Amino acid sequence: MTPIDTAALHRKWIHSHEEDTGDEQVFRPASYGFPPSRGRSGLDLHPDGSYGETAPGPTDRPEGSDGTWELKGDVLELRGPDGSTRTLEVVSAEPDRLVVRK
């Protein structure tokens, strides 16, 4: 497997749920022409290792959180300010498409 280029992750990624498959989630850059949707989650991965995350709240308005991130091989590790850790297996990372395993 080709190593994931960490620099390719440095952008704001928005969940493109229309492109998801049974076991993969697809994210596109925020500048992508998304069709209308009631709410989309997103990850904003910064070069300094910090990140912001948004998800639709109870009223479909985006709610945010932040933390730090690190790429370990093909695993994207997201650490929240409370010390919680979430991992996403990166299947592919291209300038216009990020795919992670569910």
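Keeping every protein chain present and rolling a 1.4 Å probe, give me the accessible area per residue for the chain in Å².
58
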Residue-level accessible surface for Tyr32, protein heavy atoms, 1.4 Å, Å² | 90
Whole-percent carbon and sulfur contribution to the accessible surface of the chain (1.4 Å, no ligands, DNA or RNA) stands at 50
The stretch 20-74: trypsin sites (Lys or Arg not before Pro) in DSSP loop, at most 11 other beta carbons within 10 Å | Arg38
Among Gly39, Trp69, Thr6 - extreme Cα towards positive end, dipole of the chain, charges at beta-carbon = Gly39
Protection proxy ranking of 41-50, 56-65 - average other beta-carbon atoms within 10 Å, highest first = 41-50, 56-65
Quick one: ranking Phe34, Phe27 by accessible area, 1.4 Å probe, largest first, what do you get?
-> Phe34, Phe27
Ile4 accessible area, assembled protein chains, probe 1.4 Å, Å² | 30
State the percent of C-alpha pairs, over all pairs in the chain, separated by a distance greater than 24 angstrom.
-> 18
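The values are calculated or read from the model by the stated rules, or taken from the named source; none is laboratory data. In this text, all values refer to a predicted model and were calculated from it rather than measured experimentally. FYI the Cβ positions are ideal-geometry reconstructions off the backbone, even for glycines, and counts take in every protein chain you see. Keep in mind that these areas ignore ligands, DNA and RNA; they rest on the heavy atoms of the full protein, side chains included. Shrake-Rupley method; radii C 1.70, N 1.55, O 1.52, S 1.80 Å.
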